[in-house]
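Read the structure below first, then the notes.
The values are calculated or read from the model by the stated rules, or taken from the named source; none is laboratory data. Since this is a predicted model, take the numbers as computed values, not measurements. For neighbour counting, all protein chains shown are included, and Cβ atoms are generated from backbone atoms with ideal geometry for every residue, glycine included.
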Amino acid sequence: MEEKREGIQKKIYDICFFMYHFSKIDVQFIHREEVLSIQLYYEAIPAFMKQSRKQTETYMYEFLESQAPNCYFYYTDTFQLNYIGVGLWDRGIYQGAFLMGPFLAVVPNDIFMQDMVHVNHILHQDKEEMLHYYNMISTIDPNLSKKMGNLVVNLAMSQFQEVEAIYSKERSKIKEEVHYVSENTHSYSEVEARFEIERKIMEHVSKGREKEALEVLGTFFFDASYRMPKNVLRVSKNLAFTFNTMLRIAIREGGVHPVYLHRISDKFAILIEKATSTKELEQLQVLMIKEYCKVVREVSTEGYHGIVKQAIEYINLNFSKELSLPFIADIINVSPSHLSKKFKKETGFTVTEFINKKRIQEAKRLLQISDHSITDIAILIGFEDPGYFTSVFRKLVGITPREYMKVYKKKD
């Protein structure tokens with residue numbers, strides 16, 4: 001009996017450690033008698049998310065007990081964190097459950113994060129910690145997660161086999177293929193063409209011209225295989241890091257505040273390192289251009305100077321808070337009347353008009369992608385009175401928020 005128990009325990013350990021190193025996500029086993037619980041974590045979960053995770057684990061464990069041994073359970077919680085659960089049976093008796101996750105099914109962008117903050121009622125001081133956590137955990141394609149579920153079911157239903165690796169003792173006799181690159185292989189004209197394309201992309205991105213930048217990107221393919229034939233992915237990642245830095249410089253020159261530079265470049269640096277194929281890196285390059293251009297269009301202060309530039313930067317970073325001309329003037333240490341005159345002269349708007357314009361821009365985006373109520377959106381973007389929000393929206397857009405939402409969804 002004791003030998004049988006040890007055999008089951010060894011199987012549990014083997015599967016947990018195998019999946020932990022194979023999948024690069026958290027893996028644990030919850031035992032029915034709590035005599036054997038394994039927790040292998042890559043990232044520490046934020047304190048304010050621990051209760052949700054505990055509820056997820058309990059629910060999955062109990063759900064799997066009523067399912068067939070050949071099933072796996074794919075579960076998504078309110079944070080859009082995904083988990084895979086597989087039950088373990090021995091002679092028809094439920095022993096416990098393997099739980100893998102959390103992981104993401106999509107790359108988290110600003111809209112995604114805003115939605116998570118609202119749905120889960122996250123406090124302002126916890127936003128940065130949650131963003132960091134989302135950026136650190138893995139993003140797994142649904143097709144791959146399905147294969148992972150199938151794999152664990154098969155491991156749980158069969159005997160885990162120890163294997164022995166056999167290495168060649170005659171490695172020195174194997175002729176290593178060495179690739180040399182002569183100067184003629186990649187001509188100076190090709191190098192010049194690459195730099196010219198990069199210059200054009202930077203110019204378009206610095207102005208927020210997404211379509212033009214993507215068109216230029218589509219005209220050039222760089223073969224990374226010649227640099228390090230046996231590690232094309234590593235070379236491609238290095239090139240992607242360079243591309244990320246290049247775009248960061250471009251939007252800084254385009255008048256984007258350093259706060260945004262830090263957020264977006266760090267986000268893509270993490271995604272680049274987590275990429276598992278050159279195809280994924282190619283898709284990331286397109287996404288980088290789109291998001292960097294979007295930042296320029298939304299928050300660039302190019303063309304503005306002095307106190308006006310400072311005021312716009314503050315509004316861009318704090319539009320969801322309570323704002324007013326006197327308050328902003330005090331922040332940047334000028335008189336309200338002086339700021340009002342300069343602001344109107346350079347932007348063509350009063351400070352209040354500019355704040356409302358920024359808030360309505362964000363409202364339109366939320367109306368397009370979220371299921372929040374009109375009242376919730378009003379509060380999210382800084383309007384305390386939903387009626388006033390509707391009035392301002394109608395004035396700037398021409399229709400009410402509800403009408404805008406209907407029109408947009410009809411287009412879809």
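Failed condition for Tyr72, given (1) over 30 Å from Ile264 (Cβ atoms); (2) hydroxyl-bearing (Ser, Thr, Tyr); (3) within 17 Å of the chain's Cα centre (by Cα), with all others met?
Of (1) over 30 Å from Ile264 (Cβ atoms); (2) hydroxyl-bearing (Ser, Thr, Tyr); (3) within 17 Å of the chain's Cα centre (by Cα), only one is false for Tyr72: (3).
Please count how many residues of the range 365-377 are farther than 21 Å from Ile312 by Cα and either among the basic types (Lys, Arg) or surrounded by 16 or more Cβ atoms within 10 Å (Cβ to Cβ) (or both).
6
Which of the following residues is farther than 28 Å from Glu203 by Cα and within 19 Å of the chain's Cα centre (by Cα): Thr276, Thr375? Show your work before the answer.
Details: Thr375 fails: within 19 Å of the chain's Cα centre (by Cα).
Criteria check complete, one pass: Thr276.
Can you confirm whether the range 304-311 contains a residue that is surrounded by 20 or more Cβ atoms within 10 Å (Cβ to Cβ) and among the hydrophobic types (A, V, I, L, M, F, W, C)? Let's see the steps before the verdict.
Of all residues in the range 304-311, those surrounded by 20 or more Cβ atoms within 10 Å (Cβ to Cβ) come to 308, 311.
Right, trim to among the hydrophobic types (A, V, I, L, M, F, W, C) and you get 308, 311.
For the range 304-311, residues surrounded by 20 or more Cβ atoms within 10 Å (Cβ to Cβ) and among the hydrophobic types (A, V, I, L, M, F, W, C): present.
Restrict the check to the range 3-13 and report whether at least one residue is of a type in the set (Phe, Trp, Tyr), outside any loop (DSSP other than H, G, I, E, B) and at pLDDT 90 or above. If you could, list the steps in order and put the result at the bottom.
Restricting attention to the range 3-13, the residues satisfying the condition of being of a type in the set (Phe, Trp, Tyr) are 13.
Filter once more, so that each one left must be outside any loop (DSSP other than H, G, I, E, B): 13.
Restricting the remaining residues to those that are at pLDDT 90 or above gives none.
Scanning the range 3-13, I find no residue that is of a type in the set (Phe, Trp, Tyr), outside any loop (DSSP other than H, G, I, E, B) and at pLDDT 90 or above, so the answer is no.
All but one of (1) farther than 23 Å from Gly255 by Cα; (2) among the acidic types (Asp, Glu); (3) under 28 Å from the mean Cα position of the chain (by Cα) hold for Glu313, so report the exception by its number.
The one condition Glu313 does not meet is (1).
Just name the residue that is surrounded by the fewest Cβ atoms within 10 Å (Cβ to Cβ) out of those in the range 249-262 that are under 18 Å from the mean Cα position of the chain (by Cα) and without any contact (Cβ under 8 Å) to a residue 24 or more places away in the chain.
Among those residues, the one meeting the criterion is His262.
Which count do you get for residues in the range 112-130 that are within 24 Å of Ser265 (Cβ to Cβ) and free of Cβ contacts under 8 Å to residues at least 24 places away in the same chain?
6
If Val286 meets every condition in (1) more than 20 Å from Ala213 (Cβ to Cβ); (2) modelled with pLDDT of 90 or more apart from one, which number is that one?
(1)
Could you list, in sequence order, all residues of the range 345-378 that are among the charged types (D, E, K, R) and farther than 14 Å from Gly306 by Cβ? Before the answer, list the steps.
Within the range 345-378, the first condition is being among the charged types (D, E, K, R), and the residues that meet it are 345-346, 353, 357-359, 362, 364-365, 371, 376.
Listed by number, the residues that qualify are Glu353, Lys357, Lys358, Arg359, Glu362, Lys364, Arg365, Asp371, Asp376.
Could you list, in sequence order, all residues of the range 327-366 that are among the β-branched types (Val, Ile, Thr), in contact with a Phe, Trp or Tyr (Cβ under 8 Å, 6 or more places away or on another chain) and over 27 Å from Ile377 (Cα atoms)?
Ile332
When only residues in the range 312-340 that are in contact (Cβ under 8 Å) with a residue 40 or more places away in the chain and surrounded by 14 or more Cβ atoms within 10 Å (Cβ to Cβ) count, which is farthest from Lys395 (Cα to Cα)?
Going through the qualifying residues, I end up with Glu313.
Are any residues in the range 31-70 in a loop (DSSP other than H, G, I, E, B) and either touching a strand residue (DSSP E or B) at 6+ places or on another chain (Cβ under 7 Å) or closer than 20 Å to Ile8 by Cβ (or both), and if so, which ones?
Pass one, the range 31-70, residues in a loop (DSSP other than H, G, I, E, B): 32-37, 41-46, 66-70.
Of everything in the range 31-70, those that are in a loop (DSSP other than H, G, I, E, B) and either touching a strand residue (DSSP E or B) at 6+ places or on another chain (Cβ under 7 Å) or closer than 20 Å to Ile8 by Cβ (or both) turn out to be Arg32, Glu33, Glu34, Val35, Leu36, Ser37, Gln67, Ala68, Pro69, Asn70.
Could you list, in sequence order, all residues of the range 31-87 that are among the β-branched types (Val, Ile, Thr), at pLDDT below 90 and surrounded by 14 or more Cβ atoms within 10 Å (Cβ to Cβ)?
Answer for the range 31-87, where residues must be among the β-branched types (Val, Ile, Thr), at pLDDT below 90 and surrounded by 14 or more Cβ atoms within 10 Å (Cβ to Cβ): Ile38, Ile45.
Condition check: outside any loop (DSSP other than H, G, I, E, B) and modelled with pLDDT under 65. Does Ser225 satisfy that? It would help to see each step written out before you state the result.
Working: outside any loop (DSSP other than H, G, I, E, B): yes; modelled with pLDDT under 65: yes.
The answer is yes for Ser225.
Restricting attention to the range 341-364, and to residues there that are polar (S, T, N, Q) and surrounded by fewer than 19 Cβ atoms within 10 Å (Cβ to Cβ), which single residue is nearest to Gln114 (Cα to Cα)?
Looking at the filtered set, the residue picked out is Gln361.
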